[in-house]
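Trainee: This structure is in structure tokens; I'll ask about it shortly.
The values are calculated or read from the model by the stated rules, or taken from the named source; none is laboratory data. Quantities reported herein were computed from a predicted structural model and do not represent experimental measurements. A quick note on method: Cβ atoms are made from the backbone with ideal geometry, for glycine too, and the neighbour counts reach across all protein chains shown. Heavy atoms of the whole protein, side chains included, go into the accessibility calculation; ligands, DNA and RNA do not. Shrake-Rupley method; radii C 1.70, N 1.55, O 1.52, S 1.80 Å.
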Amino acid sequence: MIKPTKHKDDSAEVYVVSLKSKSEKPNLDGDRLNIFLLILLYIIQGFPIGVSTALPLILQSKETITYEDQAAFSIALWPYSIKLLWAPIIDALYINSIGRRKSWLLPLQILMGVTFIYMANNMDDWLPEVGKPNLKMIVRMIFAVNFLSATQDIAVDGWSLSVLKKKNVSYASMCPSIGVPIGMFIGSVCFTLLVSEHFSVKYLGAIIGTGGVITMKSFFNIWAIIILLLTLFIGLFKKEKYTKEDGHEKISVFQNYKLLWEILKLPRIKVLALALLTIKIGFTATETVTNLKLVDAGVPKDDIMIINSVMYVIKFFFPMFICKYITSSTPMSYHLKMTPVRLIWGIVFAVLVYYTPSLIYKKEEFVTIPYYYYIILGLVSTISEMLSLFLMLTLLAFFCKISDPHFGGTYMTLYNTFYFLGWLIPNTFVLKLIDILTLNECSNDAQNTCYTKDLKSQCQANGGSCEIYVDGYYISMFICTTLGFIWYFSFRNILKKYQLVDLYHWMVHGKQLSNEEVNEPCIISSQ
């Protein structure tokens, strides 16, 4: 039962929830279909994220998009980082006759399917083969599907804890770790390659002018049909019984928001929030802009996506090799040890970007890239991906370690919100910064800075071309790396101490935990 209590040092009213100890070993009998269904739902959730990462590369390859435009597009991913604002509403409001999670899941997925159908019918106009894309409409629609997907994630995360038998709840964390990467792979790698004529001609022997394996319209329509069919199946055949978890009472929307406020008032949470909001600043230029710069240098986006497909294989298997670090009692120590390595490796990636134009041969529309370059790029990308994944997984393990198991979902969502805001805010800022710091001049008129569209048009009309003489990417890399090391030396000792602080001090109530409660499984959300 939930009852208010107060710690002797705290004045805030909080809630205590009794936990049921684990007594049964996991057994998938009767839950295999539920796990398969959850994986499908997480695949649907991962697809819009994949599309959101593929479209910037496709847009950059059109050579009509600036880094300021890319900054505007980055806003389309913001719903995943601010979903905490409406998560308590999704959790507290529902129709009993439909089901607590189905009340939201069914309309959200219907809207998502309809949105993809609308995008399919208009994408050729918004993203033409020749001419400037309608970036405003593309951003609006991608933001809309990401908003629906992020909200669906809230419902699915909650359903994963109740649709499975209590003895199998520990499998709930497995479903997003499988489903979301598959959805992202389909939405990014498969989407980019299958609609690309360059890929079809180079790797499948197609004839120039026949287009890709599938049109963008057909791709989105097929995905919309898959979403709507799965939604129909859930609506007709998947019953959601109204059950109240053992020892729990329903918490109202107001109580959910009040709980979040009480957590945010904890002194250590305030410092941790500041650390998480700035934790990615050192890696932003590397992770956000490097692939775009490779496209600018002449590396085909399709080849980059083929290399990225290897990265997804790493995401599946790499966690198996670093389990001892993730399950360590001091995961943040390992995270901090590898942070300087990741910062330095970002410099290595920037050096590769700098020398890329001299390592490949471009003549008009034809690009010749030696095989050894792909080997170097693949090696650098693989190490970069492994370092990023290691940092993320050890950080998630740290989140689990300092989360009150009575309200583990709320804590994890809060930490993840800070973490992803710490990626998105500098992401948008760095893209704008690169656009500002990049200086151009017309090849046949040194007085023309090509700063505006009119000046660029004037240069082209006079037979010249706008050429970069100061590249804002390298200046931004220097700024980000410097800030990354400042962050490291500022928070290193603080975060090391935080992982050793007794869990009791992260709580908003005064109840000590038993060993059974401390060892309750941590459900790691994919977002």
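Trainee: What distance in nm separates the two pseudo spin-label positions at residue 174 and residue 122, each 7 Å out from Cα along the beta-carbon direction?
Mentor: Going by the 7 Å Cα→Cβ label model, 4.2 nm.
Trainee: If you don't mind, there's one more thing I want to ask. For the range 282-422, what log10 I(q)/I(0) values come out of the Debye formula at q = 0.13, 0.21 1/Å, with one point per alpha carbon and no solvent?
Mentor: -0.67, -1.30
Trainee: Using R₀ = 45 Å, calculate the FRET efficiency as 1/(1 + (r/R₀)^6) where r is the Cβ-Cβ separation of residue 315 and residue 97; round to 0.05.
Mentor: Working from the Cβ atoms, E equals 0.65.
Trainee: I would also like to ask the following. Probe of 1.4 angstrom, ligands and nucleic acids ignored: what's the accessible area per residue over the chain, in square angstrom?
Mentor: 48 Å²
Trainee: What ³J(HN,Hα) values, in whole Hz, does the Karplus curve 6.51 cos²θ - 1.76 cosθ + 1.60 give for the range 445-454 when θ = phi - 60°, with x put for Gly and Pro?
Mentor: Listing the rounded values in order: 8, 5, 7, 8, 8, 6, 6, 10, 5, 5 Hz.
Trainee: Now for a different question. Over the C-alpha atoms of the chain, what are the Rg and the largest Cα-to-Cα span, Dmax, in Å?
Mentor: When restricted to the Cα atoms of the chain, Rg and Dmax are 24.6, 79 Å.
Trainee: Also, I was wondering about something else. Counting Lys and Arg as +1 and Asp and Glu as -1, what is the net charge of the other residues whose Cβ lies under 9 Å from the Cβ of residue 192?
Mentor: Spelling it out: positives minus negatives among the neighbours equals 0.
Trainee: Report the rotationally averaged projected area of the range 48-192 based on its alpha-carbon convex hull, in square nanometres.
Mentor: So the Cα hull casts an average projection of 9.7 nm².
Trainee: At a 1.4 Å probe radius, carbon and sulfur cover how many percent of the accessible area of the chain?
Mentor: 64 percent
Trainee: Additional query: Can you bin every Cα-Cα distance in the range 250-365 into 10 Å intervals starting at zero and give me the percent of pairs per bin, rounded to whole numbers?
Mentor: Using 10 Å bins, I get a P(r) of 10, 24, 29, 21, 12, 4, 1 for the range 250-365.
Trainee: Mean 1/r over all different Cα pairs, inverted: what Kirkwood radius does the range 172-329 give, in Å?
Mentor: Over the range 172-329, the inverse of the mean reciprocal pair distance is 21.0 Å.
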